[in-house]
1. Take the range 38-51 and flag every residue that is outside any loop (DSSP other than H, G, I, E, B) and surrounded by 21 or more Cβ atoms within 10 Å (Cβ to Cβ).
2. Does the range 13-37 hold any residues that are open to solvent by 90 Å² or more (accessible area, probe 1.4 Å) and either within 23 Å of residue 99 (Cβ to Cβ) or of a type in the set (A, V, I, L, M, F, W, C) (or both), and which are they?
3. Within the range 38-65, which residues are in contact (Cβ under 8 Å) with a residue 12 or more places away in the chain and among the hydroxyl-bearing types (Ser, Thr, Tyr)?
4. Would you mention how many residues in the range 71-110 are without any contact (Cβ under 8 Å) to a residue 12 or more places away in the chain and under 15 Å from the mean Cα position of the chain (by Cα)?
5. With the condition kept exactly as written, say whether any residue in the range 107-117 is at pLDDT 90 or above, of a type in the set (A, V, I, L, M) and exposed (fewer than 14 other Cβ atoms within 10 Å of the Cβ).
6. Which ones in the range 125-160 are over 20 Å from residue 54 (Cα atoms) and open to solvent by less than 60 Å² (accessible area, probe 1.4 Å)?
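The values are calculated or read from the model by the stated rules, or taken from the named source; none is laboratory data. Predicted, not measured: the structure shown is a model, and the values here were computed from it. Cβ: placed from backbone, ideal geometry, glycine included. Neighbour counts: every protein chain shown. For the accessible areas, the whole protein counts, side chains as well, though only heavy atoms, and no ligand, DNA or RNA atoms are used. Shrake-Rupley method; radii C 1.70, N 1.55, O 1.52, S 1.80 Å.
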Amino acid sequence: MRASLERVIVMLEAEIAQIEAEVAALIESDATLSQKAARLQTVVGVGAVVAYGLLAELRELGQVSREAIAALAGLAPVRRESGRWRGDARIGGGRWRARRLLYQAAVVAVSHDVRWRAEYAGLLGRGKAKQVALCAVARQLLVVLNAMVRDGRAYERVQA
């Protein structure tokens with residue numbers, strides 16, 4: 001049974017590698033997509049998987065406002081209200097795959113980039129919960145990525 005499972009795992013890993021190579025070739029075949037992907041990957045936490053995923057899920061990246069791109073990704077806080085009842089603001093809706101990619105990028109960015117670490121620490125210092133702070137960093141990261149694609153410039157990393 002173990003040998004059978006190991007063969008299946010090897011087969012699946014080969015299939016994943018083939019799909020990743022095909023996606024990379026597809027991106028490289030289009031000059032605009034290739035430039036956008038390269039630009040996105042200059043940000044700490046945004047690797048090939050995140051860059052390719054964002055280009056696929058958020059085709060509007062670089063073409064809409066910061067509010068619109070956050071709403072498209074489901075990272076814009078929306079207040080739940082009805083009549084006199086006032087609820088908390090929560091994120092939701094939008095394109096969940098993009099939101100997941102950005103959350104993972106935010107986790108890496110907070111760990112390895114001075115700018116995002118300071119932003120995260122500031123949010124925690126203001127009493128935000130850890131997940132709320134990470135979602136806020138993911139939203140701000142998306143806003144920066146949107147501006148980078150729009151303006152055609154690479155990320156400028158803050159040195160410690």
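1. In the first step, residues of the range 38-51 are kept if they are outside any loop (DSSP other than H, G, I, E, B); the result is 38-40, 48-51.
Across the range 38-51, the qualifying residues are 40, 50, 51.
2. Those that are open to solvent by 90 Å² or more (accessible area, probe 1.4 Å) and either within 23 Å of residue 99 (Cβ to Cβ) or of a type in the set (A, V, I, L, M, F, W, C) (or both): 16, 20, 26.
3. Once the filter is applied, which keeps residues that are in contact (Cβ under 8 Å) with a residue 12 or more places away in the chain and among the hydroxyl-bearing types (Ser, Thr, Tyr), the range 38-65 yields 42, 52.
4. If we filter the range 71-110 for residues that are without any contact (Cβ under 8 Å) to a residue 12 or more places away in the chain, which is where we start, we get 79-88, 100.
After this cut, where a residue has to be under 15 Å from the mean Cα position of the chain (by Cα) as well, the list is 100.
Number of matching residues: 1.
5. Looking only at the range 107-117, we keep the residues that are at pLDDT 90 or above, and these are 107-117.
Restricting the remaining residues to those that are of a type in the set (A, V, I, L, M) gives 107-110, 114.
Right, trim to exposed (fewer than 14 other Cβ atoms within 10 Å of the Cβ) and you get 114.
Yes, because at least one residue in the range 107-117 is at pLDDT 90 or above, of a type in the set (A, V, I, L, M) and exposed (fewer than 14 other Cβ atoms within 10 Å of the Cβ).
6. Result: 129, 133.
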